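The values are calculated or read from the model by the stated rules, or taken from the named source; none is laboratory data. It should be emphasised that the depicted structure is a prediction, and the values quoted were computed from it without experimental measurement. Glycine gets a Cβ as well: all are built from the backbone with ideal geometry, and neighbour counts include every protein chain shown. The protein model used for the area step is the full one, side chains on, heavy atoms only, and it has no ligands, DNA or RNA in it. Shrake-Rupley method; radii C 1.70, N 1.55, O 1.52, S 1.80 Å.
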Amino acid sequence: MTPHYILWPILLPLLSAVVMMFFWGKPKVQRLLSVVGHFIVLLSSVYVSAKTINGDIISLYAGNWDAPYGIIFVGDVLSGILVTLASLSAFAVSLFSVASIGNGRASFGFFPILQFLLMGLNGSFLAGDLFNLYVWFEVIIISSFVLITLGSEKAQLEGAMKYVTMNLLASIIFLTGVAMLYGLLGSLNLADLSMRISETEDRGLLNTAAVLLLVGFGIKSALFPMYFWLPASYHTPPAAVSAIFGGLLTKVGVYAMFRVFSLLFIEDSFIRNTFITLAISSMIVGALGSMVQSNMRKIFSYLIISHIGFMFAGLGMFSELAIVGAVFYLFHDIIAKTNAFLISGIIFKMRGSFRLENLGGLYNRFPYLSILFAIALFSLVGTPPLSGFWPKLYLLQAAFQAQSGWILFGILLASLLTLLAVVRIWRAAFWQKQETKAYLVDKAIWLTCLRRDRILMITPVVILTLTSVLLAVYSAQLGEICLLIAKQISNPDIYINAVIPNSP
Amino acid sequence: MEILLAITIGLLYAAGIFLILRRSMVRLIIGLILLGNGANLLIFLLGRISKGKPPIIPEGSPVFTDIYADPIPQALILTAIVISFGLQAYAIILVKRAYRVTKSDDLEEMITTDEL
């Protein structure tokens, strides 16, 4: 039977966005539809990942055309789990934005666009051909452009200028790489490309295409030295928007890099060494960058850059253990980063500012919430029982096996600096004695907003923190699943045979 | 024909990169548009251009009897053009709004988001 259910995580957001469009200018109805829509998408994603989690690779051939010719969607363990986590983050963000996004933004289509963004994300996780991946990337960026500028504040427009330029440039570079691969190999289907890549003799052009794809995906995933747009833009939109951007958009670049490079170019030692060098630089530069910032969201932005390095280090080492660590870190990071940005949004409502010097006294004033935030923030660092610890352990083991002192040094230094950054936030925002400054009182609306809104903003943080704790509690089981993913990623034949059954 | 197209593509890429390195917002957008068109032409060129060979199976024959032009690059370019058209429309409006807010065409003055 044709596995149509693989399309649900893509079609359901589209459907709910279209339904919401009928209620243009009626924010109340849209808010309700948004939460319901995201919840249904989440259920369908869980179904897809339940079907794939035992190691089956599901493919849907559009129009039932045989494999290399038509558009195909492929779901393996990695895509299944990523679709679920993306839908979960988007569900949390939609709950948060029901309360935090004002009627002004909502009546100009915030909620439908959020669904389109989720459609693009799920689409790119399930795409099985390179050009389709490009198209899903465009769906993502056009939705994110609207979300980042909606509201048209000065900072937003300035941030958007940089964000839009770099993303357009990345798309063009990616498209150039796709064109070269098509010219060399005559195919766009990833499995088919993977089979044909050994046939070509023109290694020079092939490596050019590889580097173009590396730069294209590298800009999207904010890898050193292509990250400058990220800290210039992610702190400008409302907290709900930065949360979904910080949690998911860079991770799509990482996913694309894993998928494409593991199937096509990873055997090349030059590419792997490039990955490792860029990863170590990314870890250290990002972590150092977070040290000098005093805006909470900018600190988190630099931490994104630093933590992207962990995943690329895993991809660069490319041993099974390293991939387990990298993929596990990817899962943890989606939840942790979304959560961190949502928390910064709540703190903004409490104190009227994102700047550390204007915060303070939160532990005294809101003790229970502070403990909740502490769990979330420290899981970002990977303090031992929490979810960030286990993937780092795998990565460190892999680095030991690969006998790479630089990677060990990078991971440990970046973790230490992340700890320092989080401790700085904790000290300034929670322990320091201070009440809201007089000129910020108008913006500090936490206590004056409705009880229902406060609950709506805290619930997603609770959900994500709980997920993060569960990732840590079930880390052994998740490690098993990641091992399955690592086996699938490091043996392209599994993927090829599943997508093109009669391949030689 | 290939040589001519290759030179055109090279010029488009070069002009695009030159323009996005300028400090003016308008030039930046025009540069991105040129780069996008260069990429589209590149797909066209790399799909092996051929003349007078439409990919149509001749009447009375169940299969192709001659070499034929690859139709996929055209589908790809059409998709890419439509996408870039939408993105360019957005980018132009963004430039206009940004100009109205910052009162300047100079990208060097857009530094308020970079403060520590």
*asked:* Could you compute how much accessible area chains B and A hide from each other, both sides summed, with a 1.4 Å probe? Nearest 100 Å² is fine.
replied: 3200 Å²
*Per residue, how much space in cubic angstrom lies within the convex hull of the C-alpha atoms of the stretch A:267-345?*
69 Å³
_the stretch A:47-186, accessible area per residue, ligands and nucleic acids excluded (1.4 Å, Å²)_ = 24 Å²
*Please work out how much accessible surface residue B:85 shows to a 1.4 Å probe, ignoring ligands, DNA and RNA, in Å² rounded to 10.*
140 Å²
*How many percent of the accessible area of chain A is carbon or sulfur, using a 1.4 Å probe?*
67 percent
_Calculated Rg and Dmax of chain B using C-alpha coordinates, Å_ = 20.3, 73
*Which order, highest average first, do B:44-51, A:126-133 follow once you tally other Cβ atoms within 10 Å for each residue and take the mean per peptide?*
A:126-133, B:44-51
*Over the stretch A:69-148 - Rg/Rh using Cα atoms and the Kirkwood inverse-distance radius*: 1.04
*Say we join alpha carbon atoms closer than 10 Å with springs in a Gaussian network model of chain B; which of B:71, B:54, B:62 then has the biggest fluctuation?*
B:62
*asked:* Given an 8 Å cut-off on Cα distances and at least 6 residues of separation, report the relative contact order of the stretch A:345-504 as a percent.
replied: 36 percent
*Residue-count net charge about residue A:31 - beta-carbon cut-off 14 Å; Lys, Arg +1, Asp, Glu -1*: +3
*Sequence-separation-based contact order of chain A, relative, with Cα cut under 8 Å and 6+ spacing, percent*: 16 percent
*What does the average come to when, for each residue of peptide B:36-43, you count the partner chain Cβ atoms lying within 10 Å of its Cβ?*
5
*From the phi of every residue in the stretch A:77-94, what ³J(HN,Hα) in whole Hz does the Karplus formula 6.51 cos²θ - 1.76 cosθ + 1.60 yield, where θ is phi - 60° and glycine or proline is x?*
4, 4, 5, x, 5, 5, 4, 5, 5, 4, 5, 5, 4, 5, 4, 4, 5, 5
*asked:* Could you compute the longest span of chain B free of GluC sites (Glu not before Pro) located in DSSP loops and having at most 15 other Cβ atoms within 10 Å, not counting the site residues?
replied: B:1-58
_Sequence of A:250, A:208 from largest to smallest accessible area, 1.4 Å probe_ = A:208, A:250
*Put A:26, A:349, A:433 in order of accessible area, largest first, 1.4 Å probe: what do you get?*
A:433, A:26, A:349
*In what sequence, largest accessible area first, do A:452, A:259 appear using a 1.4 Å probe?*
A:452, A:259
*For residues of A:227-235, the mean tally of beta carbons on other chains within 10 Å*: 1
_the protein assembly as shown: C-alpha pair distances exceeding 34 Å, %_ = 41 percent
*Express the relative contact order of chain B as a whole percentage, based on alpha carbon pairs under 8 Å and six or more residues apart in sequence.*
26 percent
*Any of A:162/A:392; A:392/A:487; A:443/B:103; A:251/A:443 with alpha carbons more than 24 Å apart? Name them for me.*
A:162/A:392; A:443/B:103; A:251/A:443
*Write out the chymotrypsin sites (Phe, Trp or Tyr not before Pro) in the stretch A:174-239 meeting two conditions: DSSP loop, and at most 15 other Cβ atoms within 10 Å of their Cβ.*
A:228
*³J(HN,Hα) across the stretch A:148-155 via Karplus (A = 6.51, B = -1.76, C = 1.60, θ = phi - 60°), whole Hz, x for Gly/Pro?*
6, 9, 4, x, 6, 6, 4, 4
